[in-house]
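The structure appears below as structure tokens.
Coordinate-derived values only; no laboratory data. These figures come from a predicted structure and were not determined experimentally. Glycine also receives a Cβ, built like all others from the backbone with ideal geometry; neighbour counts cover every protein chain displayed.
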Amino acid sequence: MDPELEKWDVLFTDARLATMVPNGTPYGTLEGMALAVQDGRIAWIGPMAELPHQGAKRLVPLEGRWMTPGLVDCHTHLVHGGNRAAEFELRLTGASYEEIARAGGGIASTVAATRAAEEDSLLDQARPRLEALLAEGVTTVEIKSGYGLSLDEEAKMLRVARRLGGEFPVTVRTSFLGAHALPPEYRDDRAGYVEAVAAMLEPIARAGLADAVDAFCEGIAFTPEECARVFEAAQALGLPVKLHADQLSDTGGAALAARFRALSADHLEYTSHSGVAAMAAAGTVAVILPAAFYTLHETQLPPIQAFRDAGVPMALATDCNPGSAPLTSPLLAMNLACTLFRLTPEEALTGFTRTGAVALGMGASHGTLEVGKAADLAVWQIERPGELAYRLGFNPLAYAIRAGKPRHLPAV
Ligand code: NIG
Ligand code: FE
């Protein structure tokens, strides 16, 4: 056999690995390690002293730098038209997010801007936001629809999300969020819109545009019964579900998500202890979104300790959206989660890696440094992993690797 064929594609040497696999040390740390990549997957991990004489087509000495799994941003509304800076200014004069929404602004104004944008324009607008995420080590991103609110407009958003995945070195997972808000043409026909959303699912699924189905369960959005109707339609098509739950009030969203064995329930500031227990029993991940809490001046803290006590895994995400979370920095989301919600930096990084992958149904293939998993990796210029959550507005990423391919070539 050609000896070149037997060589690994890439070999990283002298690495400190935050594997994020529980091994009795914080971050699942392994020091003095080598990690080999073959065909886009992690092929070998072990101490430098045990490195086989296999050789590699490309050798990357890490000189003691830290490597983590590539970051997984499991909740974004990255594709949208326009922005809502004017509402930001309004809120600073005292108007609340809910008042603005009820007056026809909020999500509805982004729906108008998204519908008005051509598909290519939406793509142009989304690119720099995705680039900002990638620059901080994101290798998997979830992107929701929800600003189109008709079959054609929702499909347009999801196509843009798929095109971003084809254009950039990142894995894109899409969620269909038709039940995000009531569109103006259905103002007097809630039941009609819920049925319309349920009917959109089949063509969206047939076109391969949705990996999951999401809904916004809230006083200003949809009732638990309306969300349940959409979830039943999703499950009939074999699509997993997720839910924006208990963000502004306790509507029993967490329990609803649990009833449908949702991959995740997201936000959860107002979730009750019975909601936490239901999520624990169902294995539903809690996605914590501190940027929305911060932006909306929320004061109700999500029940973090109850999630810990009940063993509900917590993921963390940017929630990148034009209204409640105009954030494109996973590192700042980590800092906010630690500072506002008292997550530990290890919980924050776990939320952006291992648990973020679970929240997307990708736990078996992504989110940790383990042999057989995708070689989605991030290399950082840091002394300890806690630095990732510690700073505000500083990016210590050296480079990221996605499916074994370096995105930014290291200067070696
Ligand atoms: O995740 N909560 C609902 N959806 C978004 C906000 C969308 C918007 O304001 O445009 C969220 O916070
Ligand atoms: Fe959201």
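The table below gives the values:
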item	result
Shape of the range 345-412, Cα gyration tensor, a/c cut at 1.5	oblate
Gyration tensor verdict on the range 64-139 (Cα atoms; rounded if a/c is under 1.5, prolate if a/b is larger than b/c, oblate otherwise)	oblate
Spatially proximal lysines relative to K144 (Cα-Cα < 18 Å; intrachain offsets below 8 disregarded)	K156, K242
Rg and Dmax of the range 331-370, Cα atoms only, in Å	10.8, 31
With at most 12 neighbouring Cβ atoms within 10 Å, loop GluC sites (Glu not before Pro) (DSSP) excluded, longest segment of the chain	119-382
Relative contact order of the range 1-88, defined on C-alpha pairs under 8 angstrom at six or more residues apart (%)	34
Euclidean distance between Cα centres, the range 42-94 to the range 154-183, Å	20
Farthest toward positive dipole pole in the chain [+1 Lys/Arg, -1 Asp/Glu at C-beta], among T295, G252, A181	T295
Size of electric dipole in the range 145-254: Cβ of Lys, Arg +1 and of Asp, Glu -1, about Cα centre, debye, nearest 20	520
Residues of type lysines that K7 reaches as a straight line, Cα spacing below 21 Å, ignoring anything fewer than 8 places off in the same chain	K57, K373, K405
Global form of the range 275-412, assessed from the alpha-carbon gyration tensor, a/c cut-off 1.5	oblate
Cβ-placed point charges (K, R +1; D, E -1), dipole of the range 181-321 about Cα centre in debye, nearest 20	380
Once exposed loop trypsin sites (Lys or Arg not before Pro) are cut out (DSSP; at most 12 other Cβ, 10 Å), longest piece of the chain	1-186
The chain, dipole about Cα centre (Lys/Arg Cβ +1, Asp/Glu Cβ -1), debye to the nearest 20	580
Percent of C-alpha pairs per 20 Å bin, the chain, short to long	28, 56, 15, 1
CD proxy at 222 nm, helix term only [per DSSP H run n ≥ 4: -39500 (n - 2.57); per residue of the chain; nearest 500]	-10500 deg cm²/dmol
Kirkwood Rh, angstrom, the range 225-346 [1 / mean 1/r, Cα pairs]	14.5
Extent along principal axes [Cα atoms of the range 110-245; Å; largest to smallest]	41, 31, 27
Positive-end residue, the chain charge dipole about Cα centroid, Cβ charges, pick of I45, F341, A191	I45
Given charges at Cβ of Lys, Arg, Asp, Glu: the range 51-193 dipole, positive-most of A101, Y147, M67	M67
Inter-label distance for E383 and D188, nm, one decimal - labels placed 7 Å from Cα along Cα-to-Cβ	6.8
Pairwise FRET efficiency - A236 versus A85, Cβ, R0 = 41 Å, nearest 0.05	0.50
Added length on full extension, which subtracts the Cα-Cα distance from 0.36 nm per residue, A199 to E167	8.5 nm
Spacing of the two label points (7 Å from each Cα toward its C-beta) at A116 and Q54, in nm	5.6
Distance between the range 216-275 and the range 315-340 - C-alpha centres, whole angstrom	21
